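Student: If you scroll down you'll find the structure; I have some questions about it.
The values are calculated or read from the model by the stated rules, or taken from the named source; none is laboratory data. Keep in mind it's a predicted model, so treat the numbers as computed, not measured. Backbone-built Cβ (ideal geometry, glycine too); neighbour counts: all protein chains shown.
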Amino acid sequence: MPTMRFDDLAQLNATVPHCRACPRLVAWREQVATEKRRAYEDWDYWGRPVPGFGDPEARVVIVGLAPAAHGANRTGRMFTGDRSGDWLYASLHRTGFASQPESTHRGDGLTLSGAYITAPVRCAPPANKPTIGERDTCAPYLEAELDLLPWRVAVALGGFGWDAVLRARGWNGRKPRFGHAAQAELPDGRALLGSYHVSQQNTFTGRLTEDMLDAVLARARELAAR
């Protein structure tokens, strides 16, 4: 997909939900929205690409992987309505970025201050694994967000988000290694921080703890304030 130009975030976020560029993702997201999960059979699933969410004046950008099939693909808001979101928003609340510790649906009143949440891939992928082609097709949306937001620090939740930020900012040469609490300086002087993803695979096993996630977000706040 070629480079996209948007006047502002509102225009970008109004455009994202209409994308049908990746046939496999379109088919999967719509299949999930039709078949649903029994616990959510009364829900009218979003079933479309999910735009970013947060403060348009954010100094911290949080970059995940892709919407969850029964999370953001259901609710239409990043990290909303699943266990990963429960962890992320609770931590954002503890570190002063979120107005409340829970996010269940788009109209639940939650707001972010100083933070914006997005992902390199906007549609729920089968098995949470987008292809390289799907990643590259979706890349202009992230690139446009990073151009429009006044951010100083990006927090990558997982190696996929880490690599996506580096590509979006035109990183050349040897790539800095991802790791939890890893920190790299981008060519434009902004900072990139790494955190293990808030997936249940990490949180249930203790690979990622609340204290570990809070520490990364607190570090992001500190760097953004400089």
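Student: For the range 11-116, list the helices (runs of 4 or more DSSP H) that sit wholly inside it and hold at least 2 residues that are closer than 15 Å to residue 128 by Cα and charged (D, E, K, R); which are they? Give the steps one after another, and end with the answer.
Tutor: Numbers: elements: 23-35, 72-75, 83-94.
In the range 11-116, the matching helices (runs of 4 or more DSSP H) lie at 23-35.
Student: Ok, one more. Within the range 1-47, how many residues are of a type in the set (Lys, Arg) and touching a residue at least 40 places away in the same chain (Cβ under 8 Å)? Don't jump to the end; show me each part of the working.
Tutor: Step one: of the range 1-47, the residues of a type in the set (Lys, Arg) are 5, 20, 24, 29, 36-38.
Okay, now just the ones that are also touching a residue at least 40 places away in the same chain (Cβ under 8 Å), so 5, 24, 29.
Summing the residues that are of a type in the set (Lys, Arg) and touching a residue at least 40 places away in the same chain (Cβ under 8 Å) in the range 1-47 gives 3.
Student: Let me ask you something else. Which condition number in (1) crowded, with 24+ Cβ neighbours inside 10 Å; (2) within 22 Å of residue 160 (Cα to Cα); (3) of a type outside the set (Val, Ile, Thr) is the one that residue 97 fails?
Tutor: Result: residue 97 passes all but (2).
Student: A further question on this structure: Taking the criterion of being buried (at least 16 other Cβ atoms within 10 Å of the Cβ), of a type in the set (Val, Ile, Thr) and within 14 Å of residue 120 (Cβ to Cβ), would at least one residue in the range 194-211 satisfy it?
Tutor: Just the residues of the range 194-211 that are buried (at least 16 other Cβ atoms within 10 Å of the Cβ), to begin with: 194-199, 202-203, 208.
Within this subset, residues satisfying the condition of being of a type in the set (Val, Ile, Thr) are 198, 203.
So of that shortlist, the ones also within 14 Å of residue 120 (Cβ to Cβ) come out as none.
Looking for residues that are buried (at least 16 other Cβ atoms within 10 Å of the Cβ), of a type in the set (Val, Ile, Thr) and within 14 Å of residue 120 (Cβ to Cβ), one finds none in the range 194-211, hence no.
Student: Of the numbered conditions (1) of a type outside the set (A, V, I, L, M, F, W, C); (2) free of Cβ contacts under 8 Å to residues at least 40 places away in the same chain; (3) surrounded by fewer than 23 Cβ atoms within 10 Å (Cβ to Cβ); (4) farther than 21 Å from residue 73 by Cβ, residue 143 fails exactly one; give the number of that condition.
Tutor: (2)
Student: On to the next question. Being under 17 Å from residue 117 (Cα atoms) and in a strand (DSSP E or B) is the requirement here; does residue 161 meet it? Show your work before the answer.
Tutor: On the way: under 17 Å from residue 117 (Cα atoms): yes; in a strand (DSSP E or B): no.
Criteria not met by residue 161.
Student: Given the criterion acidic (Asp, Glu), modelled with pLDDT of 95 or more, out of contact with any strand residue (DSSP E or B) (no Cβ under 8 Å at 6 or more places or on another chain) and surrounded by fewer than 18 Cβ atoms within 10 Å (Cβ to Cβ), identify the matching residue among 136, 188.
Tutor: Working: 188 fails: modelled with pLDDT of 95 or more.
From the options 136, 188, the qualifying one is 136.
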